[in-house]
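What follows is a short report on a single structure.
Coordinate-derived values only; no laboratory data. Here the structure is a predicted model, which is why all the values come from computation and not from measurement. Glycine gets a Cβ as well: all are built from the backbone with ideal geometry, and neighbour counts include every protein chain shown.
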Amino acid sequence: MAVAVRGSRGGGGSGFGGFSLRSFFSYRIFVSAMFSLLFIATLSVILTTNPSTPHHDSALPTTGNAYMRRTFLALNSDPLKTRLDLIYKQANDHVTLVNAYAAYARKLKLEISRQMRMFDDLASNFSDLQMKPGYRTALFESDGPLDEDVLRHFEKEVKDKIKFARLMIGESKENYDNQLKIQKLKDTIFAVNELLIKAKKNGAFASSIAAKSIPKSLHCLAMRLVEERISHPEKYKEEEPSPEFEDPSLYHYAIFSDNIIAVSVVVRSVVNNSNEPWRHVFHVVTDRMNLAPMKVWFKMRPVERGAYVEVKAVEDFTFLNSSYVPVLRQLESAKLQKFYFENRAENATKDTQNMKYRNPKYLSMLNHLRFYLPEMYPKLHKILFLDDDVVVQKDLTGLWKIDLDGKVNGAVETCFGSFHRYAQYLNFSHPLIRERFNPRACAWAYGMNIFDLDAWRQEKSTEQYHYWQNLNEDRTLWKLGTLPPGLITFYSTTKSLDKSWHVLGLGYNPSISMDEIRKAAVIHYNGNMKPWLDVAMNQYKKLWTYYLDNDMEFVQMCNFGL
């Protein structure tokens, strides 16, 4: 009985039960196959169908959009179609970029501009290129294989237009990009500033050359005077010095220069404006080369109204030698000569700060004689020092009557605000300078200085000058020149004079008021634009030429052009 039961179950499994299981699995396979076929069919329809949705923002026509939706099988089956698709995409990207710039140009109201028209033309050129019958038929509407030659020509035209689009966008980008505008403006400002700096350096260098050079007219005058001396030696024999040259009761002037015409103007302007010209004595010192022509000038054109003129050479003062004078010893050094003479012209404009200190006048002892006045004129008590580039407009005898309160130097101060203070002339990073002087101390001007020679001798100012000049042999305390050592030597022994005695700046400052000039006793053409040069400022030049001796025959012959 137990066997019968097992046999019934086994017979059931091999009969109706087995048939139902096989039918179930067959049915699932059939359904899966049907769904797979339906999915493939649907996908094929989707990929091959041309959608009718319009694309208003695209600059290219719908035939291109149709092409972009070709089946992956078609793309993979023909490499030329893949290549065409990439060309098309690149062109469409550039059309979009061009349209974006065109839209921004319209926003900026540039419709009538050249760039706006170029943007529109370029966008339509891309569209027209695809719509050409040859390209449209062979490339975009063809279901068969593409013609490689036609594709090559199409690609070349597209690349040409893309290249032009890039160039145009690159040129016009700065008009729409604020950052580019700002950067371009900065670059322009920087470039213009560089040109301005270069022009200033070149101008300063040219002005420096003009100031250092001897004009042809001055050279001509000196040669004519020497020729006169050679032609008529009997007229120019040496005379005994006049006792007035050492008379301390008279008004004495010191003028150190190698410029004959400039010295004559200074002397003439003093005499013409003095109340007692016969009491004025002028001590003119020049170099040996200009000694003869200077003497001939004052012999041919003697000073009017009884004034006295003494002309000497530096070499006549025998105590001025390198063993006594530190500057002469320094000028003989190879290092200082290299500083002057091995400075190339092409490098000079790079050092505009120190360019003025390379002026050859600093090599001349004439520029340093002002520190030896008590020894040059031992019998005098007071002397008025005048530069050769000044013009005197009033009687100066009042300067001798000023009480200097025991000070050595009477001068007009030049500081205003933070300008022309000691800090501008001396090296205050040096401990000696920093300890002894105040950087805010007010500077004063050389060019018109009344010196009390007795106080000078008592204060031993020349010894002070030698002390500091020896310390500055390596030029670490100050650059070259005479004003810095003057500021040091007379630091606590200078009395300030009223500014109306001395007005400066006529050789570089065009904005000095004429009222201030008319009220001044002495006007000073300090700077490079000297009144005897062509670069002089015309508004001030006539004040100097007024005292020029135009009747002198050599002045006319040498064509000063004044």
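Which entries in the list Lys212/Lys295; Lys163/Lys198; Lys89/Lys184; Lys394/Lys541 go over 29 Å, if you measure between the two C-alpha atoms of each? Show your work: numbers first, answer last.
Details: Lys212/Lys295 24 Å; Lys163/Lys198 39 Å; Lys89/Lys184 33 Å; Lys394/Lys541 18 Å.
Pairs exceeding the cut-off: Lys163/Lys198; Lys89/Lys184.
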Modelling each spin label as a point 7 Å along the Cα-to-Cβ direction, I'd like the Lys237/Glu315 distance in nm, to one decimal. 2.3
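Express in nm, to one decimal, how much length is gained between Arg475 and Glu304 on full extension, taking 0.36 nm for each residue of separation and deducting their alpha carbon distance. Please list the in-between numbers first.
Details: separation 171, 0.36 × 171 = 61.56 nm, distance 4.48 nm.
Net length gain for the segment: 57.1 nm.
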Translational D in µm²/s for segment 502-562 (Stokes-Einstein at 4 °C, 1.567 mPa s, Kirkwood Rh from C-alpha pairs): 105
Long-range amide H partners of Lys382, meaning residues 5 or more apart or on another chain whose placed amide H is closer than 5 Å, are Leu453
For 271-279, 191-199, ranked highest to lowest by mean beta-carbon neighbours within 10 Å, the order is 271-279, 191-199
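Past 25 Å, Cα to Cα, is the threshold; run Lys186/Lys479; Lys312/Lys382; Lys200/Lys479; Lys81/Lys132; Lys382/Lys495 against it and keep the listed order. All intermediate terms of the calculation are to be shown ahead of the outcome.
Details: Lys186/Lys479 37 Å; Lys312/Lys382 19 Å; Lys200/Lys479 22 Å; Lys81/Lys132 18 Å; Lys382/Lys495 14 Å.
Beyond 25 Å: Lys186/Lys479.
Which shape class, rounded, prolate or oblate, goes with segment 216-318 when its Cα gyration tensor gives a ≥ b ≥ c as root eigenvalues, a/c under 1.5 marks rounded, and past that a/b bigger than b/c marks prolate?
Numbers: a/c = 1.67, a/b = 1.46, b/c = 1.14.
In terms of gyration-tensor shape, prolate.
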